[in-house]
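Okay, so here's the structure we're looking at.
The values are calculated or read from the model by the stated rules, or taken from the named source; none is laboratory data. Note that the structure is a prediction, hence the values are computed from the model and not measured. Cβ: placed from backbone, ideal geometry, glycine included. Neighbour counts: every protein chain shown.
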Amino acid sequence: MLKGIHHVAIICSDYNRSKDFYTRILGLKVIAENYRAARDSFKLDLALPDGTQIELFSFVASPERPSFPEAQGLRHLAFNVESVEKVCQYLVDLGVDVEPIRVDEYTGKQFTFFSDPDGLPLELYQQS
């Protein structure tokens, strides 16, 4: 029935800052960018290499996301990577704060967390 995830929608506080982060730093490809005048909102469609998409939205005066302590709902977004160590070093070189690399006690795979410009937790997870 379900075949995979088509997209994840993210609302940001500063559209240009988040667009730069997701395109320049994380390297996601822009599929489409639209300004919706009726909502005074941008919608940016971004693609990952496997076809999964991220929809980046801007809305005027949207409330902050409660992350700490963790709130109910979506906890974080995790990305498959070939090498957690290499991607961590790449992010650190660009000034992104990255948590120490850990090992998943159940799978033995490396993983770590970092945040987008609005504090949304993002995870790097070693590809199988």
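Some notes on this structure:
- Test: residue in region 10-20 that is assigned by TED's automatic domain parsing to the domain that holds Pro121 and in a loop (DSSP other than H, G, I, E, B): no
- One residue stands out in region 72-86 among those that are among the small types (Gly, Ala, Ser) and either surrounded by 12 or more Cβ atoms within 10 Å (Cβ to Cβ) or assigned to a strand (DSSP E or B) (or both): the one that is farthest from the chain's Cα centre (by Cα), namely Ser83.
- Pick from region 32-47, criterion at pLDDT below 95 and of a type in the set (D, E, K, R), ranking: surrounded by the fewest Cβ atoms within 10 Å (Cβ to Cβ): Asp40
- Close pairs (8 angstrom Cβ cut-off, 6 or more residues apart or separate chains): under 14 Å from Arg75 (Cβ atoms) in region 103-128, aliphatic (A, V, I, L, M) and part of a loop (DSSP other than H, G, I, E, B) anywhere: Phe111/Ile101
- Residues that are more than 19 Å from Tyr22 (Cβ to Cβ), at pLDDT 95 or above and either in contact with a His (Cβ under 8 Å, 6 or more places away or on another chain) or surrounded by fewer than 12 Cβ atoms within 10 Å (Cβ to Cβ) (or both) within region 108-128 comprise just one, Gly108.
- Within this structure, Gly4 passes the test of being assigned to a loop (DSSP other than H, G, I, E, B), modelled with pLDDT under 95, over 15 Å from Asp118 (Cβ atoms) and not hydrophobic (A, V, I, L, M, F, W, C).
- In summary, Glu64 fulfils each of the numbered conditions (1) farther than 17 Å from Asp14 by Cβ; (2) modelled with pLDDT under 95 with the single exception of condition (1).
- Residue check for Ala78: among the small types (Gly, Ala, Ser) and touching an Asp or Glu at 6+ places or on another chain (Cβ under 7 Å): yes
- Identity of the residue in region 29-71, in a strand (DSSP E or B) and of a type in the set (Phe, Trp, Tyr), that ends up nearest to Pro117 (Cα to Cα): Phe57
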